[in-house]
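Notes for the one structure printed next.
The values are calculated or read from the model by the stated rules, or taken from the named source; none is laboratory data. No experiment lies behind these values; they were computed from the predicted model shown. Cβ placement follows ideal geometry from the backbone for every residue including glycine, while neighbour counts extend to all protein chains displayed.
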């Protein structure tokens with residue numbers, strides 16, 4: 001009784017992940033794909049490196065740069081995966097015109113989209129790993145401290161990634177009911193998170209009202225937790241009152257909350273799309 | 001504006017049912033509702049006994065859809081990969097899927113292109129692939145929305161032949177077809193519904209629909225060129241009109257007689273003999289679906305109105 | 001068509017008028033389309049500002065002198081124009097080809113450069129809105145100081161930079177014309193590396209003279225370096241003396257324009273020979 005649906009879910013995830021791989025990664029020579037995965041994180045890392053260096057009169061402030069580096073590197077999951085999921089809806093609906101055929105198949109859109117996100121997760125992971133290696137080998141950064149539990153680091157990354165995926169599903173729901181040019185809004189949202197999470201600066205420089213917003217975002221706690229695990233110290237004084245355990249709890253609860261919200265939200269958006277006949281909408285003008 | 005109102009129809013299992021209507025009549029809206037792409041604002045629609053609004057997943061397990069004119073698909077995938085991909089979304093076991101891929105590629109003439117990427121296919125080829133995709137799940141009900149739209153004559157014939165064969169070989173399977181082409185509906189459908197402005201205007205077998213036309217019958221004769229004038233035929237009670245002209249090839253006269261009832265034709269034959277005209281050929285002219293359509297809708301299929309975008 | 005149509009005349013004046021009309025027509029369509037959707041305006045102004053703000057706050061977090069925040073704001077405004085060069089102009093022939101409309105342009109009797117110029121000018125309306133939003137936001141929210149008395153020379157340098165940047169864009173458009181998909185990917189991949197090499201967020205000299213000179217092949221690099229020097233003097237860590245920059249930009253413009261005229265003609269002919277100008281969805 002249980003094996004059937006689980007097996008079917010696995011089949012849908014596998015098939016959509018395969019499709020995602022073909023569409024996102026397998027269209028080009030491997031080196032072009034590799035460049036896609038690493039050019040952006042490396043270039044952004046270097047931009048930040050030189051920004052710190054020029055202020056420090058030629059010597060990068062290694063300790064501060066380490067915090068900026070970690071935040072910027074792991075934020076790659078947000079930009080890649082968050083945008084990737086909602087982008088899938090637009091592309092399937094309007095470029096490939098396949099969304100309606102997938103929709104009329106006995107496949108739930110939600111696992112389909114999660115499967116399609118697999119390649120984005122893989123690409124982001126590759127980018128993160130290459131950036132970490134680059135930071136360690138080229139920029140000479142120390143990643144991790146003697147007490148770092150690497151298994152916990154992986155756990156924290158996965159927990160944050162789950163949050164990103166569910167937020168991506170929320171955006172995908174919105175994408176189902178809005179025109180393609182609203183993609184700008186999704187990209188803007190990613191920029192807003194980049195700003196509010198303090199990915200590349202200490203939260204404390206944000207104006208007070210922005211800081212309050214920042215404390216509502218799970219990614220704020222995620223990046224702080226990763227920084228503490230990998231450097232042994234926190235970056236934001238505003239989060240100083242939270243212990244590591246608190247950050248874990250906040251992150252876990254936020255992920256569960258996002259999951260619940262995403263499930264309800266996506267269902268609602270799907271219903272609106274079906275009520276208004278938007279599954280095969282063409283808005284490319 | 002309501003795209004559909006008061007539509008009440010039942011399509012039987014094993015039937016090939018046609019929906020005829022001009023642009024904006026509501027055909028596509030109906031198909032969208034039945035394929036779970038659109039929720040009805042009111043009323044109820046069941047497919048294979050499942051409510052499309054409340055049990056969409058049960059419906060989707062049993063149906064498939066082909067929208068004609070679509071050249072949709074992922075450009076990086078090959079023909080074979082595309083067919084396999086969609087079979088997996090329906091949970092078709094691997095060996096079965098592979099067998100169907102081969103069969104469908106053979107039937108649609110895509111075998112030579114099996115390993116070609118979609119981005120390199122012509123529009124016609126992509127449409128054929130889209131058609132094949134619809135049958136990969138061997139659905140209990142297939143919705144074909146203008147399946148031959150944009151295809152060339154030969155490809156359209158192949159598609160029609162495939163549908164006819166599929167229906168013949170699988171008597172439990174049901175086809176719901178919308179088309180602009182009357183001949184297509186006449187050739188394939190057991191019953192057709194004529195729909196306009198969201199309402200069903202007529203619903204029956206093609207021959208029964210033709211019989212609903214005013215009770216006149218038209219006969220076409222070929223009679224010998226020599227003999228007396230044909231005008232006295234008009235004196236026969238029940239003859240409505242006659243028209244005639246010489247056939248340019250044979251020199252025989254082609255005579256068209258419209259009579260009130262079929263019985264009158266016996267008297268016409270007798271009178272022709274009296275006029276020294278020998279009858280070389282006689283055909284009863286059947287009304288076509290086109291005539292039926294014009295009779296019900298008041299305009300031809302391709303005459304557009306300001307539609308509701310359905 | 002009336003016999004006196006410019007298209008049928010070989011007179012220089014007539015052809016000039018026809019090309020100017022083409023520039024105006026292509027530009028006006030884009031201007032109208034840009035402002036048709038209110039949400040686009042939001043996306044084009046607020047979001048780039050947010051992205052730039054994060055980099056301003058990096059300097060604030062580092063307690064850097066206030067001029068550094070000005071560097072980022074000026075860089076953010078310049079990015080808007082550079083993106084218009086690449087995505088609003090150079091790549092447009094590729095998009096037109098994808099949408100099956102390229103042939104409509106190619107069969108017209110006007111110069112390809114007029115159409116590109118029309119696209120560029122049309123895109124500049126939205127780009128300027130974006131850049132203005134970044135500058136205004138920077139001044140109002142981050143209290144970035146841009147001394148007004150130095151605005152005129154800075155604006156002159158900015159115009160020269162635009163001339164060179166858009167001329168380079170025309171060369172790139174010829175590459176997009178033929179190798180659309182490949183060039184598209186390359187441009188996408190190189191987006192952030194260009195931000196790095198042009199020093200959009202920091203003085204380009206910070207990378208060392210060698211790398212900075214390589215980056216200066218892109219006109220925006222030197223343009224931005226010069227504008228920062230005009231506003232902030234030695235604090236801008238300039239790469240070249242500011243008086244050298246205008247002649248370099250003028251020379252680059254002339255070279256790029258010449259190369260683009262040759263290149264566009266060559267690529268179009270090559271495309272015709274290979275039948276690739278009307279191929280879609282490759």
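Quick test for you: out of B:169, B:184, pick the one residue that is modelled with pLDDT under 90 and either closer than 14 Å to residue B:22 by Cα or out of contact with any strand residue (DSSP E or B) (no Cβ under 8 Å at 6 or more places or on another chain) (or both). If you could, list the steps in order and put the result at the bottom.
Working: B:184 fails: either closer than 14 Å to residue B:22 by Cα or out of contact with any strand residue (DSSP E or B) (no Cβ under 8 Å at 6 or more places or on another chain) (or both).
Step by step, each of B:169, B:184 is checked, and only B:169 is modelled with pLDDT under 90 and either closer than 14 Å to residue B:22 by Cα or out of contact with any strand residue (DSSP E or B) (no Cβ under 8 Å at 6 or more places or on another chain) (or both).
Scanning the stretch B:34-74 for residues that are surrounded by 16 or more Cβ atoms within 10 Å (Cβ to Cβ), more than 7 Å from chain A (Cβ to nearest Cβ) and farther than 27 Å from residue A:5 by Cβ yields a count of 5.
Just to be sure before I move on: is residue C:162 closer than 18 Å to residue C:83 by Cα and within 12 Å of another protein chain (Cβ to nearest Cβ) in the structure I sent?
Working: closer than 18 Å to residue C:83 by Cα: yes; within 12 Å of another protein chain (Cβ to nearest Cβ): no.
Considered against the rule, which asks whether it is closer than 18 Å to residue C:83 by Cα and within 12 Å of another protein chain (Cβ to nearest Cβ), residue C:162 comes out as no.
Residues that are closer than 30 Å to residue A:47 by Cβ, surrounded by fewer than 20 Cβ atoms within 10 Å (Cβ to Cβ), within 12 Å of another protein chain (Cβ to nearest Cβ) and at pLDDT 85 or above occur in the stretch C:67-88; there is at least one.
Restricting attention to the stretch C:171-194, the residues that are at the interface with chain A (Cβ under 9 Å from one of its Cβ atoms) and outside any helix (DSSP H, G or I) total 1.
The set of residues in the stretch B:1-21 that are buried (at least 18 other Cβ atoms within 10 Å of the Cβ), outside the structural domain of residue B:162 (by TED's automatic domain parsing), touching a strand residue (DSSP E or B) at 6+ places or on another chain (Cβ under 9 Å) and modelled with pLDDT under 90 comprises B:4, B:7. The residue list A:219, A:235 contains one member that is in a loop (DSSP other than H, G, I, E, B) and within 14 Å of chain C (Cβ to nearest Cβ), which is A:235.
Filtering B:77, B:83 for residues that are at pLDDT 95 or above, over 22 Å from the mean Cα position of the chain (by Cα) and crowded, with 19+ Cβ neighbours inside 10 Å leaves a single hit, B:83.
Just a yes or no: is a residue in the stretch C:133-145 under 13 Å from residue C:81 (Cα atoms), modelled with pLDDT of 90 or more, buried (at least 23 other Cβ atoms within 10 Å of the Cβ) and within 14 Å of another protein chain (Cβ to nearest Cβ)? Yes, the stretch C:133-145 contains at least one residue that is under 13 Å from residue C:81 (Cα atoms), modelled with pLDDT of 90 or more, buried (at least 23 other Cβ atoms within 10 Å of the Cβ) and within 14 Å of another protein chain (Cβ to nearest Cβ).
Among the conditions (1) facing another protein chain (nearest Cβ under 9 Å); (2) surrounded by 20 or more Cβ atoms within 10 Å (Cβ to Cβ), residue A:61 misses just one, which is (2). For the residues C:172, C:178, the requirement of being in contact (Cβ under 8 Å) with a residue 24 or more places away in the chain and over 15 Å from the mean Cα position of the chain (by Cα) singles out C:178. For the stretch C:27-43, the condition holds for no residue, the condition being that it is outside any helix (DSSP H, G or I), within 27 Å of residue C:256 (Cα to Cα) and either modelled with pLDDT under 80 or away from every other protein chain (no Cβ under 14 Å) (or both).
Filtered by the rule that a residue be surrounded by fewer than 19 Cβ atoms within 10 Å (Cβ to Cβ), within 13 Å of another protein chain (Cβ to nearest Cβ) and touching a helix residue (DSSP H, G or I) at 6+ places or on another chain (Cβ under 9 Å), the stretch C:206-236 gives C:211, C:235. Scanning the stretch B:22-33 for residues that are at positive phi and buried (at least 23 other Cβ atoms within 10 Å of the Cβ) gives a single hit, B:26.
Based on this model, can you work out whether residue A:10 counts as in a helix (DSSP H, G or I), modelled with pLDDT of 90 or more, away from chain C (no Cβ under 13 Å) and closer than 15 Å to residue A:84 by Cβ? First the steps, then the outcome.
On the way: in a helix (DSSP H, G or I): yes; modelled with pLDDT of 90 or more: yes; away from chain C (no Cβ under 13 Å): yes; closer than 15 Å to residue A:84 by Cβ: no.
No: the conditions fail for residue A:10.
Taking the conditions (1) touching a helix residue (DSSP H, G or I) at 6+ places or on another chain (Cβ under 7 Å); (2) under 26 Å from residue A:35 (Cβ atoms); (3) within 13 Å of chain B (Cβ to nearest Cβ) in turn, residue A:130 satisfies each one other than (3).
The residues of the stretch B:35-56 that are over 17 Å from residue A:275 (Cβ atoms) and outside any strand (DSSP E or B), listed by number, are B:48, B:49.
Filtering the stretch A:80-92 to residues that are in contact with a helix residue (DSSP H, G or I) (Cβ under 6 Å, 6 or more places away or on another chain) and at the interface with chain B (Cβ under 10 Å from one of its Cβ atoms) leaves only A:92. If you scan the stretch B:167-204, which residues turn out to be assigned to a loop (DSSP other than H, G, I, E, B) and over 18 Å from residue B:68 (Cα atoms)? Those that are assigned to a loop (DSSP other than H, G, I, E, B) and over 18 Å from residue B:68 (Cα atoms): B:170, B:171, B:172, B:173, B:190, B:197, B:198.
From the list A:4, A:20, which residue is more than 15 Å from residue A:199 (Cβ to Cβ), more than 14 Å from chain C (Cβ to nearest Cβ) and within 19 Å of the chain's Cα centre (by Cα)? Before you say what the answer is, go through the steps one by one.
Values: A:4 fails: within 19 Å of the chain's Cα centre (by Cα).
Exactly one of A:4, A:20 is more than 15 Å from residue A:199 (Cβ to Cβ), more than 14 Å from chain C (Cβ to nearest Cβ) and within 19 Å of the chain's Cα centre (by Cα), namely A:20.
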